[in-house]
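Engineer: Pasting in a structure now, in structure tokens, and then I'll have a few things to ask.
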Amino acid sequence: MCKLSSRRTELLAEARSRPEVVVERVLTLEAKVRELEGRLALNSANSSKPPSSDGLQKPAPCSLRVKTGRKPGGQPGHPGHTLKQVETPDHTQVHSLETCTCGRCGGASLKDAPVLDYERRQVFDLPPMRLEVTEHRAEIKRCPFSGLDVRAAFPSGVEAPAQYGPHFRGFMLYFSNQQILPFDRLRQTCLDLFGQPLSLGTLTQTNARAYEALAPVEAAIIQGLIAAPVVHADESGLRVEGKLHWLHVASTPSLTFYGVHGNRGTEAMDALGVLPHCRSWLIHDFWKSYFKYEALHALCNQHLLRELKFLSEQQGEIWAEQLSKFLLDWNGDPRARDGLKEDVFEKAHRQYQRIIRKGRVDHPRRQPGQGRTKQDKATNLLDRLEDYDLCILAFLLDPNVPFTNNQGEQDIRMIKVKQKISGCFRTLPGAQCFARIRGYLSTCRKQGQNLWDACFQAAIGQPFLPTIPESGQAT
């Protein structure tokens, strides 16, 4: 108490003798309070923080989409998925009618009456699930000339006294890599369905063989991405061997590549071999490493809208709300679907610049000679909006450029789910194996392939080779 009282006396004395110092200190503290309040107000809706960081106090849903007036649910013309009867059922059971049920004849016999027609009802069900064991017997005979015993050859793939067949190995690939079942649950599933427990070594060996078989598929995907007119890129942290690694994705609507590396920046991107060779549009968030590549860069406007939302709602920046409306209006404008004509784009660009100038009134750019003084969020964002204006407005220049990087973010999401389920990858080869198999399955799904069949094809060493669009063709 004595120290606090003494400090209070000193501050009061300083306030009387040097009021300008007190004013400066108050302004500094107010700025610090605003900064701390801003940090507390950050969440997944107004920043790049993931939803998992929101904790129990999740923000109320507040979509940036505008109302269309359409009713919820399936829209007119949307194909339905109602269970329909098939023309050739696997089994047919005929239920005979021997006694009349009309209620007027007292139950007359219809045993000898002709059948006029049938009312059909079909039941779709699974057959009893069990493993079928096929024993291969190779004949052994004795050569009449040499006296040596010789044996017939076993079919390709029959290598051990007891082993799992390709359909069961495809089953393991599907549930461990597509449905992301952890080993213990997959082992329990095999025990419940087939009465056969699964060993970790068998699963590891199955995944490793698929990894080797998918090498040419991954090479084809990389070549397709390099030739694609638009590539989405993203990266996210991944725990491997108890350390932070990075999961990188490069994708289009028809191709997906995943890579795992110990670094986040250009060293990893160079090693993975996709982005250094891209010369067309590269869609990403504002991570500086991407700008080191000689591609046409377009920024994800969804990230930008979240930052503008924070500045508008938490700090009362009117220009931020205006810029958000500007971007959303142009994104919904039919003229942007074909790319704006030069005069229309120049008009939109000037409107964009006018909004930025409004923000600069209270947040001027740091001038040369001012050093590396810390800037607030609004000033940093305005610097980016000015320096990368064409990257932000790229969706108005080229109709192939999307408004957001949703494709890349969606493609990376399920591997993050894998991490939530399993915690981490124990080894780097295991993480790389999962990434390659998952990239293959994602590509198969995008190209309309049945993933169950795709896993079987990978298990027998004959994986589906994706269709690669011709250079310059939209994917």
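Engineer: Quick one: GLU267 ticks every box in (1) without any contact (Cβ under 8 Å) to a residue 12 or more places away in the chain; (2) crowded, with 24+ Cβ neighbours inside 10 Å bar one, so which box is it?
Structural biologist: (2)
Engineer: Please go through the stretch 238-254 and pick out each residue that is of a type in the set (Ser, Thr, Tyr) and either in contact with a Pro (Cβ under 9 Å, 6 or more places away or on another chain) or over 25 Å from ALA220 (Cα atoms) (or both).
Structural biologist: THR252, SER254
Engineer: Here's a follow-up. Looking at this structure, is PHE168 surrounded by 10 or more Cβ atoms within 10 Å (Cβ to Cβ), in contact with a Ser or Thr (Cβ under 8 Å, 6 or more places away or on another chain) and closer than 30 Å to VAL417 by Cα?
Structural biologist: The answer is no for PHE168.
Engineer: Condition first: farther than 20 Å from PRO182 by Cα, surrounded by 22 or more Cβ atoms within 10 Å (Cβ to Cβ) and not polar (S, T, N, Q). Now tell me which residues in the stretch 430-457 satisfy that.
Structural biologist: CYS444, ALA454 - these are the residues of the stretch 430-457 that are farther than 20 Å from PRO182 by Cα, surrounded by 22 or more Cβ atoms within 10 Å (Cβ to Cβ) and not polar (S, T, N, Q).
Engineer: Another question about this same structure. Which of (1) in contact with a Phe, Trp or Tyr (Cβ under 7 Å, 6 or more places away or on another chain); (2) of a type outside the set (Ser, Thr, Tyr); (3) at pLDDT below 90 does ARG366 not meet, given it meets every other one?
Structural biologist: (1)
Engineer: Let me ask another. Pick out the one residue from HIS232, HIS248, HIS284 that is within 14 Å of ASN405 (Cβ to Cβ), without any contact (Cβ under 8 Å) to a residue 60 or more places away in the chain, surrounded by 22 or more Cβ atoms within 10 Å (Cβ to Cβ) and of a type outside the set (Phe, Trp, Tyr).
Structural biologist: HIS248
Engineer: When only residues in the stretch 194-213 that are aliphatic (A, V, I, L, M) and either in a helix (DSSP H, G or I) or in contact with a Gly (Cβ under 8 Å, 6 or more places away or on another chain) (or both) count, which is farthest from PHE183 (Cα to Cα)?
Structural biologist: Across the stretch 194-213, the extreme among qualifying residues is ALA213.
Engineer: Can I ask one more? For the stretch 326-359, which positions are farther than 15 Å from ASP389 by Cα, without any contact (Cβ under 8 Å) to a residue 40 or more places away in the chain and surrounded by 14 or more Cβ atoms within 10 Å (Cβ to Cβ)?
Structural biologist: Hit for the stretch 326-359 is VAL344, nothing else.
Engineer: Follow-up. Among the residues of the stretch 210-223, are any in contact with a Leu (Cβ under 6 Å, 6 or more places away or on another chain) and among the aromatic types (Phe, Trp, Tyr)?
Structural biologist: no
Engineer: Further question on the same structure: What about LEU238, is it over 17 Å from ARG279 (Cβ atoms), touching a strand residue (DSSP E or B) at 6+ places or on another chain (Cβ under 6 Å) and surrounded by fewer than 16 Cβ atoms within 10 Å (Cβ to Cβ)?
Structural biologist: In short, no.
Engineer: Restricting the search to the stretch 389-429, which residues are of a type in the set (A, V, I, L, M, F, W, C) and part of a loop (DSSP other than H, G, I, E, B)?
Structural biologist: LEU393, VAL401, PHE403, CYS424
Engineer: Considering (1) outside any loop (DSSP other than H, G, I, E, B); (2) of a type outside the set (Phe, Trp, Tyr); (3) on the phi > 0 side of the Ramachandran plot, say which one GLY461 fails and leave the rest.
Structural biologist: If we test GLY461 against (1) outside any loop (DSSP other than H, G, I, E, B); (2) of a type outside the set (Phe, Trp, Tyr); (3) on the phi > 0 side of the Ramachandran plot, just (1) comes out false.
Engineer: While we're on this one: Search the stretch 147-166 for residues being out of contact with any Lys or Arg (no Cβ under 7 Å at 6 or more places or on another chain) and not in a loop (DSSP other than H, G, I, E, B), and hand back the single one that is farthest from GLN205 (Cα to Cα).
Structural biologist: Only one residue fits best here, namely ARG151.
Engineer: To continue, here is another question. Just checking, which of LEU255, LEU214 is modelled with pLDDT of 95 or more and either over 18 Å from the mean Cα position of the chain (by Cα) or closer than 27 Å to GLY165 by Cα (or both)?
Structural biologist: Every option except LEU214 fails the conditions.
Rundown of residues vs (1) over 33 Å from the mean Cα position of the chain (by Cα); (2) modelled with pLDDT of 90 or more, yes/no style:
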| position | (1), (2) |
| --- | --- |
| LEU308 | no, yes |
| GLY316 | yes, no |
| GLU342 | yes, yes |
| ARG354 | yes, yes |
| LYS358 | yes, yes |
| GLY371 | yes, no |
| LYS374 | yes, no |
| ASP383 | no, yes |
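Engineer: Continuing with this model, one more query. So GLU321 clears everything in (1) touching a strand residue (DSSP E or B) at 6+ places or on another chain (Cβ under 9 Å); (2) in a helix (DSSP H, G or I) except one condition, right? Which one?
Structural biologist: (1)
Engineer: Being among the β-branched types (Val, Ile, Thr) and either under 40 Å from the mean Cα position of the chain (by Cα) or assigned to a loop (DSSP other than H, G, I, E, B) (or both) is the filter here, so list the residues in the stretch 126-146 that pass it.
Structural biologist: Of the residues in the stretch 126-146, the ones among the β-branched types (Val, Ile, Thr) are 133-134, 140.
Within the stretch 126-146, VAL133, THR134 qualify.
This table checks each residue for (1) in contact with a strand residue (DSSP E or B) (Cβ under 9 Å, 6 or more places away or on another chain); (2) within 26 Å of ALA233 (Cβ to Cβ); (3) not β-branched (Val, Ile, Thr).
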| site | (1), (2), (3) |
| --- | --- |
| GLN367 | no, no, yes |
| TYR388 | yes, yes, yes |
| LEU396 | no, yes, yes |
| THR404 | yes, yes, no |
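Engineer: Working only within the stretch 99-145, note down all residues that are of a type in the set (Val, Ile, Thr) and out of contact with any Leu (no Cβ under 8 Å at 6 or more places or on another chain).
Structural biologist: Listed by number, the residues that qualify are THR101, VAL115, VAL123, VAL133, THR134, ILE140.
Engineer: Sticking with this structure for a sec: Every residue in the stretch 287-297 that is under 22 Å from the mean Cα position of the chain (by Cα) and farther than 12 Å from ALA233 by Cβ, please.
Structural biologist: Selection gives LYS288 alone.
Engineer: So which residues in the stretch 160-199 are among the hydroxyl-bearing types (Ser, Thr, Tyr) and free of Cβ contacts under 8 Å to residues at least 60 places away in the same chain? Break it down stepwise before answering.
Structural biologist: Within the stretch 160-199, the subset among the hydroxyl-bearing types (Ser, Thr, Tyr) is 164, 174, 176, 189, 199.
If the condition is that a residue be among the hydroxyl-bearing types (Ser, Thr, Tyr) and free of Cβ contacts under 8 Å to residues at least 60 places away in the same chain, then TYR164, SER176, THR189, SER199 are the ones that fit.
Engineer: List pairs: first residue in the stretch 376-403 and within 15 Å of ARG365 (Cα to Cα), second residue among the small types (Gly, Ala, Ser) anywhere in the structure, Cβ distance under 6 angstrom, at least six positions apart or on different chains.
Structural biologist: Short answer, once both residue conditions are applied: LEU382/GLY359.
The values are calculated or read from the model by the stated rules, or taken from the named source; none is laboratory data. All values derive from a computational prediction rather than experimental measurement. FYI the Cβ positions are ideal-geometry reconstructions off the backbone, even for glycines, and counts take in every protein chain you see.
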